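Only one structure is covered here, and it is reproduced in the block below.
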């Protein structure tokens with residue numbers, strides 16, 4: 001037997017489908033909806049969280065719940081650092097904002113980057129948007145002992161690929177990149193920044209790039225909403241790899 005909040009979620013889903021609230025519109029206030037359905041606010045919020053987890057609505061803190069604009073799926077591909085034509089297919093049309101600051105490595109960052117606790121690190125935070133909705137979060141870290149980089153002048157990649165270009169311009173060569181991808185629930189901060197519920201699964205990518213001396217030159221932590229993201233791996237055959245190396 002369905003719970004009360006599931007019946008409410010069904011009705012709200014129906015109202016969105018028939019256009020009662022068009023894409024981008026704000027839903028009535030939570031208290032108003034709770035009164036309409038004759039339930040408590042916590043029960044109403046459970047119904048809203050169901051729709052948030054499905055990607056139908058998003059909660060903007062301080063503003064309310066809005067009908068989410070249907071977005072293209074974003075593809076995170078391992079061909080990203082190959083030729084330009086391969087990179088062009090990596091991300092659906094997004095606008096990207098980047099904030100930069102210097103931080104001191106805490107215990108977690110020191111292990112991740114292989115530096116001492118308290119070491120200065122440049123942090124780049126890239127947030128990709130489709131329309132007004134955030135679709136990706138990338139935090140890129142470069143230890144100052146590797147290079148003190150500036151701010152990217154042109155930002156196109158939601159994954160922070162411009163930092164790799166800054167490293168190359170500074171004479172830092174990446175020899176190897178390892179990526180670990182896991183599925184999990186977002187942290188409170190990640191959920192707030194991506195306008196999703198804390199019960200909406202995300203894909204988390206931990207990326208570590210090293211030079212020929214196996215020194216970490218870049219560490220990246222990416223968080224991508226699970227309902228709008230796919231990961232693509234492309235691997236050539238042994239003869240193809242041999243041919244490329246010649």
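A few comments on the model shown:
- Restricting attention to the range 117-139, the residues that are over 15 Å from residue 190 (Cα atoms) and in contact (Cβ under 8 Å) with a residue 40 or more places away in the chain add up to 3.
- Test result for residue 191, surrounded by 15 or more Cβ atoms within 10 Å (Cβ to Cβ) and in contact (Cβ under 8 Å) with a residue 60 or more places away in the chain: no
- Filter pass, residue 80 being within 21 Å of the chain's Cα centre (by Cα) and modelled with pLDDT under 95: yes
- Count of residues meeting criterion [exposed (fewer than 13 other Cβ atoms within 10 Å of the Cβ) and closer than 22 Å to residue 192 by Cβ] in the range 28-51: 4
- Residue match in the range 103-123 (condition: in contact with a helix residue (DSSP H, G or I) (Cβ under 8 Å, 6 or more places away or on another chain), in a strand (DSSP E or B) and within 30 Å of residue 53 (Cα to Cα)): no
- Residue that is free of Cβ contacts under 8 Å to residues at least 60 places away in the same chain, out of contact with any strand residue (DSSP E or B) (no Cβ under 9 Å at 6 or more places or on another chain) and surrounded by fewer than 19 Cβ atoms within 10 Å (Cβ to Cβ), where the choices are 10, 25: 10
The values are calculated or read from the model by the stated rules, or taken from the named source; none is laboratory data. All figures in this text were calculated on a predicted structure; none of them were measured in a lab. Positions of Cβ are backbone-derived with ideal geometry, glycine not excepted, and every protein chain shown enters the neighbour counts.
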